[in-house]
Structure formats: C-alpha cells, structure tokens
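This report refers to the structure that appears directly beneath it.
The values are calculated or read from the model by the stated rules, or taken from the named source; none is laboratory data. Just so it is clear, the structure is predicted and the values come from calculations on it, not from any experiment. Because the Cβ atoms are built from the backbone with ideal geometry, glycine has one as well, and the counts that use them run over all protein chains shown.
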C-alpha cells in the first residue's frame, strides 16, 4: 500500500531527535495527527507511547530503532522509506481492557498493549483470589503479584517472570504469577483470548496492591477485571525480513 502523508514522532534521545529532523525534511513529513501512517523513531518504550497516542485513530505505525531496546522496531535506515512502508507486513494486535476498583470504592479503566499487572505495594506479599470467567481457580495466592499478558507482551515482563512466550496468532493470554510463595508450584496458565480474568485482593488494607496497565497505575486496588478489548485493533508494520511473528518465535529458541 502506498502512503502519501507520513507523520514522524521521536523519543527524547539525541539520536532520535536528529533522525526526526532529517527524515521529516527528506520526506516532507505531515503533522502526525493528520498522517495516514506514523513512523516512530526510538525504542520499544516510544512504540508503546505512540500506540497509545494514536489508539483511537488506529493509524498504522512503523517503528525504526533509535533507542536502547528495539524488539518492536525495524532497522533504522533513511533511504527508501516510502518503498519500505509500501512493502511492509501488517501485524494486528488487540490490547487488554482493565477495570479496577479501589478500597475506597472508586473505579478506573485503562487500556494495556503488553500486560496488566497486579503488584504488592509494601514489604508484605499480596494475598489474591483469581477467577476466570466467573469460576474461582485459586482461592488464595500469596505472591509479589500476578500479570495477564498479550502475545505481543509475552516477551516482556511476562518472560522475565518466567511466563510462556505466545505466538501472535495463538489467540491466548498468559496468566503468570510473580514470585509465588504459596502455592509454590503454581507456574501460571494459558487462557483463551476470550477469557475474563478477575483478581481480588483478600486483605487490601493490610496488604495493599496496585494495578498497572502499561503507563496507568492505580494504587490501593481491591478488585480488577481484565479482558481482551474486542473492538480495538492496533496495526504495526514490519519489514518482511524482520516481522514480529518470526521474532517472537525466535525468542523461544534463544539460549
């Protein structure tokens, strides 16, 4: 597909800002809020910020690595960009929807692309109850936390917590404990993407916990509901030789 109005955004690093000036001048960059496609210059953090920023427009985003980590980014190259965009492969991602209720009765909602995490706030471990589609699966989990990860986010925090890597087309979510103390042997679960996960803090005032959805953190949470956001699709573009599905597959064979 040929794109005529290309917008550019960049991270705060010197390398990203220099690339922004050069590419915007070279390709007569359109204002990002009016562009048909966004080229993001930075690392994976910037990519997540850009996906959130343009989430409502659902404009496709092509990242080029000018940051530290570039799992979601393509190789940076200034020449031939329009042809690269036309030949790029599209990966569609569905984010998670989080609804959290605090101990004070307030309700918050947020969208997450990688994962939703339920984390202890103090030295005391959290004490949690986990239900899936209305059925209680774990009556009491004592742990540092638990997270629900999308396939795209399965190689991030989820992998660091020893959760499984999920291929993009698997239509699964990872439910992964973080430093589980009891039951010690529970290593998490793979759930269908249609699953509705409910996590409740059993002693929310004595053992306070936070709910985190990408950049949104809610403290003093009593209960959180997590499900895939069915009506929202995010589109990332990748060079054919560096597509995201291959990268996620390769991660499973990395020593």
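See the values below:
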quantity	calculated
Helices (runs of 4 or more DSSP H) within segment 9-123 that include 1 or more residues under 16 Å from the mean Cα position of the chain (by Cα) and at pLDDT 95 or above	44-53
Qualifying strands (runs of 3 or more DSSP E) (wholly inside segment 186-255; at least 1 residues being free of Cβ contacts under 8 Å to residues at least 12 places away in the same chain, on the phi < 0 side of the Ramachandran plot and touching a helix residue (DSSP H, G or I) at 6+ places or on another chain (Cβ under 7 Å))	none
Subset of segment 157-187 [surrounded by 21 or more Cβ atoms within 10 Å (Cβ to Cβ) and either outside the structural domain of residue 214 (by TED's automatic domain parsing) or under 23 Å from residue 125 (Cβ atoms) (or both)]	158, 161, 163, 174, 175, 176, 177, 178, 180
Unique residue being in the same structural domain as residue 27 (by TED's automatic domain parsing), in contact with a strand residue (DSSP E or B) (Cβ under 8 Å, 6 or more places away or on another chain), surrounded by fewer than 16 Cβ atoms within 10 Å (Cβ to Cβ) and more than 17 Å from residue 233 (Cα to Cα) when the list is 83, 77	77
